[in-house]
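Worksheet: the structure to be examined is printed underneath.
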Amino acid sequence: MQKVSQAWKDIQKKRIITEPSFIEVTLNVGDPDAQLDAAATDNGHENYSNTPKIADGTEVIPGRYATLEDDIWVLDGTYQILPDDPPWGNNGYIGYELSGADREYETYPTITLQFSKVYSSLIPGITITWSETYNEYAESFKITAYNGASVVAQETVQNNQDILSVVSLDIQNYNKITIQVLKWCKPYRRARISRIVIGILKSYQNTDLMAYQHGMFVDLLSANLPKSEIIFQLLNINGEYNPDNPQGTEKYLMERQTVTVKYGYLMGINVEWIKAGTFFISEWDTPQNGITATFTARDALEYMSDLYSGPSTGTFMEIAKSALQQANLPKKSDGSNQWELSDLLNDLEAPEGIDLTENTIAEVLQLIANASCCVFYQDREGIIHINPLNKDLTDYRIDRDNSFANSEIELTKQLKSVNVNDGEFVLSVGNVGETQNVKNPLISKDRGEEVAIWTSEILSNRRIFSGEWRADPRLDAMDKITVENKFAESTVFVTQVEYTYNGAFRGMYEGRAVV
């Protein structure tokens, strides 16, 4: 479950939510290796500036400080007094020099992105986020890309009025990029930059989205692969996404392009945002005679459809890391790996004589999770997990105030027994019902009993809850929540969530009750 403020929780308790809700879908087309390699410096900054952070790939949310600049010391309670000593927070780049009455600078504030090598991959441009905190931007600026001392690309932007500046410019064979601020949008102000993306960053919000759907599924037994997917439609009347349009955006689209999504609610004068997930473009449809373009983006399992080629012997941890390294997942912004694996995997060995190379990378990870009594899933930060089920009860409720109808309750068949690997171990559970078969080459004979008991404990909870409700988008698959109807309260492990957005959030859920 996503962490939110008490104010967020309070508005969800209302029968009618009056606070506006928001959604933002951001597409990023660039070179992630160059982004991680970029080292940002400047030619003069305030002591509470943090220039290196603007190019590390993370989103920067600077503090709102009252400083001695024209019309910026606003005594309305929304500005902080700058502390005398650090830490001052992550404020991005804040230039030292003030703009003049003409909004220009005597010395142009300049950011330099230096790379450790020459990057030959073609990138479609640069995206700059100026100052969202103060709602300010550079009116004129110049981008120059170098290979050594030679200029390989250059663009001067005039009359900019956007806080998020997407500059389309083919850049190739470069090892340095500079950004010079020529003119600010207001006089007597410092230049500010909160983020630089090596590539094109395009954001779409409420009115840009004609339709939006987000689905999540996790199997508590890891008997099926997890799934997280978004489908969204953008208006395409002007043909921006048509492949035959030479000036369109379609030429920048590619499979496995990163898509990030966030959800928000207006709290007072500010929007509180939570992460919806990190996805990768899987497919898109741009019909010539249609007015919309439809995009589908999925989780990191898009990188795991190849057959596994690593070892079939060793510890579960060694096999899992081999599979994840073969998948070649994108790195975190700090360069570390995008996975978290339970220490339990270090204590479990693969049986001798098995061959995992007929399975995909995703299937190998699923088999490891199932054999270790863990759950295989990806979180909203894009991190792959193989961990035991978290049994902590959250504070989330689906009740008569937010549910459109009482939950549907389906009873699964009684469990008679669990049969592991065609009789290697059979656990008797009851006198009647069905037998649950578990086939997994990674389950050794001495682990059969433990896996069978774990399976029976989960399947003995026969009640499956489902329903539609006025969704709070902080709910995730695998959350343990309370579901209320007119007869009783039940504790439920959520296994599936679907969100739709059309000016407000609506959702469908399904989960297994806990006895």
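Computed values, structure above
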| read-out | value |
| --- | --- |
| Yes/no for Y146 being within 18 Å of N50 (Cβ to Cβ), in contact with a strand residue (DSSP E or B) (Cβ under 9 Å, 6 or more places away or on another chain) and not acidic (D, E) | no |
| Residues (in contact (Cβ under 8 Å) with a residue 60 or more places away in the chain and either among the aromatic types (F, W, Y) or open to solvent by 60 Å² or more (accessible area, probe 1.4 Å) (or both)) located in segment 370-400 | F376, Y377, E381, N390, K391, D392, L393, D395, Y396, R397, R400 |
| Restricting segment 30-68 to residues that are in a helix (DSSP H, G or I) and modelled with pLDDT under 85, the residue that is nearest to the chain's Cα centre (by Cα) | P32 |
| Hits in segment 135-156 - residues which are open to solvent by 30 Å² or more (accessible area, probe 1.4 Å), part of a strand (DSSP E or B) and under 20 Å from R195 (Cα atoms) | E139, K142, Q154, E155, T156 |
| Selection from segment 182-198 of residues that are buried (at least 20 other Cβ atoms within 10 Å of the Cβ) and among the basic types (K, R) | R189, R190, R192, R195 |
| Lone unmet requirement of (1) open to solvent by 50 Å² or more (accessible area, probe 1.4 Å); (2) part of a loop (DSSP other than H, G, I, E, B); (3) of a type in the set (A, V, I, L, M) for A477 | (1) |
| Positions within segment 419-446 being without any contact (Cβ under 8 Å) to a residue 60 or more places away in the chain and part of a loop (DSSP other than H, G, I, E, B), in sequence order | N421, D422, G423, E424, V429, G430, N431, V432, G433, K439 |
| Residue in segment 24-41 that is free of Cβ contacts under 8 Å to residues at least 24 places away in the same chain, surrounded by fewer than 20 Cβ atoms within 10 Å (Cβ to Cβ) and closer than 20 Å to T127 by Cβ present | no |
| In segment 6-23, residue farthest from V218 (Cα to Cα) [restricted to those that are open to solvent by 40 Å² or more (accessible area, probe 1.4 Å) and polar (S, T, N, Q)] | T18 |
| Condition broken by S228, with the remaining ones in (1) assigned to a strand (DSSP E or B); (2) of a type in the set (S, T, N, Q); (3) modelled with pLDDT of 90 or more; (4) open to solvent by 40 Å² or more (accessible area, probe 1.4 Å) satisfied | (4) |
| Segment 436-455, subset of a type in the set (K, R) and open to solvent by 30 Å² or more (accessible area, probe 1.4 Å), residue farthest from the chain's Cα centre (by Cα) | K445 |
| Test for E449: is it assigned to a strand (DSSP E or B) and either among the aromatic types (F, W, Y) or in contact with a Phe, Trp or Tyr (Cβ under 8 Å, 6 or more places away or on another chain) (or both) | no |
| Looking only at segment 283-305, and only at residues there that are farther than 14 Å from G239 by Cβ, among the polar types (S, T, N, Q) and more than 15 Å from the chain's Cα centre (by Cα), the one that is surrounded by the fewest Cβ atoms within 10 Å (Cβ to Cβ) | S305 |
| Residue, most open to solvent (accessible area, probe 1.4 Å), within segment 199-217, restricted to residues that are part of a helix (DSSP H, G or I) and under 28 Å from L169 (Cβ atoms) | T207 |
| Filter result (over 17 Å from S222 (Cα atoms) and among the charged types (D, E, K, R)) within segment 450-479 | R462, R463, E468, R470, D472, R474 |
| Residue identified as surrounded by 15 or more Cβ atoms within 10 Å (Cβ to Cβ) and over 20 Å from P226 (Cα atoms) among G433, G423, G511 | G433 |
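Okay, residues lined up against (1) surrounded by 14 or more Cβ atoms within 10 Å (Cβ to Cβ); (2) over 30 Å from A34 (Cα atoms):
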{"position": "T315", "(1), (2)": "yes, yes"}
{"position": "A320", "(1), (2)": "yes, no"}
{"position": "A323", "(1), (2)": "yes, no"}
{"position": "P330", "(1), (2)": "yes, no"}
{"position": "Q338", "(1), (2)": "yes, no"}
{"position": "E352", "(1), (2)": "no, yes"}
{"position": "D355", "(1), (2)": "no, yes"}
{"position": "E358", "(1), (2)": "no, yes"}
{"position": "I368", "(1), (2)": "yes, yes"}
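The values are calculated or read from the model by the stated rules, or taken from the named source; none is laboratory data. Being a predicted model, the structure only gives us computed values, none of them experimental. Heads up, the Cβs are rebuilt from the backbone with ideal geometry, glycines too, and the neighbour counts pull from every protein chain shown. To get the accessible areas, we keep the full protein, side chains included, count just its heavy atoms, and leave off ligands, DNA and RNA. Shrake-Rupley method; radii C 1.70, N 1.55, O 1.52, S 1.80 Å.
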